[in-house]
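The values are calculated or read from the model by the stated rules, or taken from the named source; none is laboratory data. Nothing here was measured: the structure is a model prediction, and the numbers come from that model. Cβ: placed from backbone, ideal geometry, glycine included. Neighbour counts: every protein chain shown.
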Protein chains: 2
Amino acid sequence: MNAGIPRPVERLMEAFARLPGIGPKTASRLTYHLLRTQADESLELSEALRELRSGTIFCGRCFNISAAGVDPCALCTDAGRTSELVCVVEDPLDVLAIERTGQFHGRYHVLHGALSPVEGIGPQDLRIEELVKRVAAEGIQELILATNPTLEGEATAMFLKRRLLGMAVRLTRLARGLPTGGDLEYTDISTLSQALEGRSEL
Amino acid sequence: MNAGIPRPVERLMEAFARLPGIGPKTASRLTYHLLRTQADESLELSEALRELRSGTIFCGRCFNISAAGVDPCALCTDAGRTSELVCVVEDPLDVLAIERTGQFHGRYHVLHGALSPVEGIGPQDLRIEELVKRVAAEGIQELILATNPTLEGEATAMFLKRRLLGMAVRLTRLARGLPTGGDLEYTDISTLSQALEGRSEL
């Protein structure tokens with residue numbers, strides 16, 4: 001026993017510390033917070049964690065997360081969205097980010113990662129062939145390749161471009177440039193170069 | 001349904017976001033992390049949360065957290081510790097901090113907070129009377145009043161001093177001064193004043 005910490009307390013601290021971005025100090029702070037507050041709070045979190053897996057599936061069409069039993073997902077079957085425009089993203093969190101803009105009314109395709117030779121992630125690990133099949137089957141006019149503006153994201157977009165060569169679909173990338181609220185003085189060379197290149201008429 | 005997020009995902013995001021220091025962005029990052037990793041990880045966290053309450057109690061003597069069924073707690077019954085010296089702290093986390101120094105071999109008393117008129121926390125909300133009874137009953141020679149060096153912590157220590165007036169027990173406070181690794185130039189006036197006042201012979 002470490003400094004008289006009861007095992008259940010230690011166990012929760014360890015489980016919290018396994019989460020990304022949560023160090024041992026935050027883990028113990030969260031644990032002692034839950035010991036202080038109403039028992040409801042830790043039980044609700046416990047139940048929510050249990051339900052996370054039992055209550056969700058991956059959509060068989062776009063591979064975004066969907067409620068259990070809802071396949072294809074609500075976004076894939078939403079009649080208010082066009083099927084001609086599909087936004088291709090790395091992760092389900094990217095879908096959230098794009099939905100928050102309220103500017104996109106097409107459908108999605110989640111690759112579940114990006115190509116990364118360093119981490120051993122190849123094309124067969126991503127939902128790429130499923131995307132190719134969708135392009136052929138669903139009459140998609142444009143794919144917005146919204147993978148991240150990183151080495152891996154760019155490599156994935158270039159791979160998709162080659163893989164879809166000869167198919168009658170327009171491929172686009174999200175614009176690159178200065179972020180809103182950014183400071184020119186502190187902008188990195190790559191971003192500034194691309195902001196110059198993509199400059200628009202005033 | 002918010003942007004096609006399945007209810008179980010939303011529920012977990014909300015439960016995480018209720019924790020202190022975890023905002024909506026971190027909550028969704030943690031949730032999507034758990035969706036990606038092995039199901040074991042969320043189930044282990046779920047179980048640990050459930051066990052937190054069923055597996056722990058507050059020690060009836062020192063009010064630190066103890067394993068269920070272990071009362072008084074392991075620290076209170078450890079024969080290698082002296083009962084003459086008791087360290088009085090605000091929270092169970094403070095016990096951890098002091099134990100980490102490896103320098104203290106007495107017992108503890110956890111008040112579960114500090115006096116705060118602003119937050120409506122009065123003496124009756126803290127384990128103060130229980131401490132007074134311990135001083136009378138256990139032959140305690142010295143109480144280290146290790147409440148925080150804050151307004152509330154100081155007020156609590158002063159209240160305890162008045163409350164214990166006339167009892168044959170030595171009361172001490174932790175030393176105030178420059179923290180290790182601190183920078184004199186950036187030290188606040190109060191800390192520097194107390195460092196000067198408490199200066200020691202070289």
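Restricting attention to region A:110-124, does a residue exist that is at the interface with chain B (Cβ under 10 Å from one of its Cβ atoms), closer than 27 Å to B:Gln38 by Cα and within 19 Å of the chain's Cα centre (by Cα)? Break it down into steps so the answer makes sense when it comes.
Going residue by residue through region A:110-124, those that are at the interface with chain B (Cβ under 10 Å from one of its Cβ atoms) are A:112-113.
Add one more test, that the residue is closer than 27 Å to B:Gln38 by Cα, and what stays is A:112-113.
Narrowing further to those that are within 19 Å of the chain's Cα centre (by Cα): A:112-113.
Yes.
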Yes/no for B:Arg199 being basic (Lys, Arg), free of Cβ contacts under 8 Å to residues at least 60 places away in the same chain and assigned to a loop (DSSP other than H, G, I, E, B): yes
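When you scan region A:144-165, do you find a residue that is in a loop (DSSP other than H, G, I, E, B) and either exposed (fewer than 11 other Cβ atoms within 10 Å of the Cβ) or free of Cβ contacts under 8 Å to residues at least 12 places away in the same chain (or both), even just one? First the steps, then the outcome.
Looking only at region A:144-165, we keep the residues that are in a loop (DSSP other than H, G, I, E, B), and these are A:146-150, A:164-165.
In the following step, the residues that additionally are either exposed (fewer than 11 other Cβ atoms within 10 Å of the Cβ) or free of Cβ contacts under 8 Å to residues at least 12 places away in the same chain (or both) were identified as A:165.
So far as region A:144-165 goes, yes, one or more of its residues are in a loop (DSSP other than H, G, I, E, B) and either exposed (fewer than 11 other Cβ atoms within 10 Å of the Cβ) or free of Cβ contacts under 8 Å to residues at least 12 places away in the same chain (or both).
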Top-ranked residue of region B:29-46 - restricted to ones that are under 30 Å from the mean Cα position of the chain (by Cα) and charged (D, E, K, R), ranked as nearest to A:Arg53 (Cα to Cα): B:Glu41
Residue that is nearest to B:Leu52 (Cα to Cα) [pool: residues in region A:47-102 that are in contact with a His (Cβ under 7 Å, 6 or more places away or on another chain) and among the aliphatic types (A, V, I, L, M)]: A:Val88
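Please find, among A:Leu34, A:Leu30, the residue that is modelled with pLDDT of 90 or more, within 7 Å of chain B (Cβ to nearest Cβ) and touching a Phe, Trp or Tyr at 6+ places or on another chain (Cβ under 6 Å). I'd like the intermediate steps shown before the answer.
Working: A:Leu34 fails: touching a Phe, Trp or Tyr at 6+ places or on another chain (Cβ under 6 Å).
Result: A:Leu30 is the single residue among A:Leu34, A:Leu30 that is modelled with pLDDT of 90 or more, within 7 Å of chain B (Cβ to nearest Cβ) and touching a Phe, Trp or Tyr at 6+ places or on another chain (Cβ under 6 Å).
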Enumeration of residues in region A:44-59 that are surrounded by 15 or more Cβ atoms within 10 Å (Cβ to Cβ), more than 7 Å from chain B (Cβ to nearest Cβ) and out of contact with any Cys (no Cβ under 7 Å at 6 or more places or on another chain): A:Glu47, A:Ile57, A:Phe58
Region A:16-28, residues that are surrounded by 17 or more Cβ atoms within 10 Å (Cβ to Cβ) and either without any contact (Cβ under 8 Å) to a residue 12 or more places away in the chain or more than 26 Å from the chain's Cα centre (by Cα) (or both): A:Leu19, A:Ile22, A:Thr26, A:Ser28
All helices (runs of 4 or more DSSP H) inside region B:1-97 with 3 or more residues being touching a helix residue (DSSP H, G or I) at 6+ places or on another chain (Cβ under 7 Å): B:7-17, B:24-36, B:39-54
Scan of region A:95-122 for residues that are polar (S, T, N, Q) and in contact (Cβ under 8 Å) with a residue 24 or more places away in the chain, ordered by number: A:Ser116
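Of these, B:Thr147, B:Thr180, which one is among the β-branched types (Val, Ile, Thr) and over 18 Å from the mean Cα position of the chain (by Cα)?
On the way: B:Thr147 fails: over 18 Å from the mean Cα position of the chain (by Cα).
From the options B:Thr147, B:Thr180, the qualifying one is B:Thr180.
Name the residue that is surrounded by the most Cβ atoms within 10 Å (Cβ to Cβ), counting only residues in region B:60-80 that are among the charged types (D, E, K, R) and more than 10 Å from every other protein chain (Cβ to nearest Cβ).
Taking region B:60-80 as the starting set, the residues that turn out to be among the charged types (D, E, K, R) are B:61, B:71, B:78.
Now restrict to residues that are more than 10 Å from every other protein chain (Cβ to nearest Cβ): B:61, B:71.
Values: B:Arg61: 19, B:Asp71: 14.
By that ranking, first place goes to B:Arg61.
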Pairs with Cβ under 9 Å, 6+ apart, first in region B:69-94 and assigned by TED's automatic domain parsing to the domain that holds B:Phe159, second assigned to a helix (DSSP H, G or I) and among the basic types (Lys, Arg): B:Val86/B:Arg134; B:Asp91/A:Arg36; B:Pro92/A:Arg36; B:Leu93/A:Arg29
Enumeration of residues in region A:167-177 that are more than 15 Å from A:Ile140 (Cβ to Cβ) and either more than 22 Å from the chain's Cα centre (by Cα) or among the small types (Gly, Ala, Ser) (or both): A:Ala175, A:Gly177
Subset of region B:10-27 (residues that are touching a Ser or Thr at 6+ places or on another chain (Cβ under 6 Å) and either at the interface with another protein chain (Cβ under 7 Å from one of its Cβ atoms) or of a type in the set (Gly, Ala, Ser) (or both)): B:Leu12
Failed criterion for A:Ala97 (all others in (1) in contact with a strand residue (DSSP E or B) (Cβ under 9 Å, 6 or more places away or on another chain); (2) at pLDDT 90 or above hold): (2)
Residue selected from region B:81-104 under the condition among the β-branched types (Val, Ile, Thr) and within 10 Å of another protein chain (Cβ to nearest Cβ), by the criterion surrounded by the most Cβ atoms within 10 Å (Cβ to Cβ): B:Val95
Breaking point among (1) in contact with a Lys or Arg (Cβ under 9 Å, 6 or more places away or on another chain); (2) surrounded by fewer than 17 Cβ atoms within 10 Å (Cβ to Cβ), for B:Gln38: (1)
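Does any residue of region A:123-130 turn out to be touching a residue at least 60 places away in the same chain (Cβ under 8 Å) and either surrounded by fewer than 18 Cβ atoms within 10 Å (Cβ to Cβ) or assigned to a loop (DSSP other than H, G, I, E, B) (or both)?
Taking region A:123-130 and keeping what is touching a residue at least 60 places away in the same chain (Cβ under 8 Å), we get A:127, A:130.
Filter again for either surrounded by fewer than 18 Cβ atoms within 10 Å (Cβ to Cβ) or assigned to a loop (DSSP other than H, G, I, E, B) (or both), leaving A:127, A:130.
Yes, some residue in region A:123-130 is touching a residue at least 60 places away in the same chain (Cβ under 8 Å) and either surrounded by fewer than 18 Cβ atoms within 10 Å (Cβ to Cβ) or assigned to a loop (DSSP other than H, G, I, E, B) (or both).
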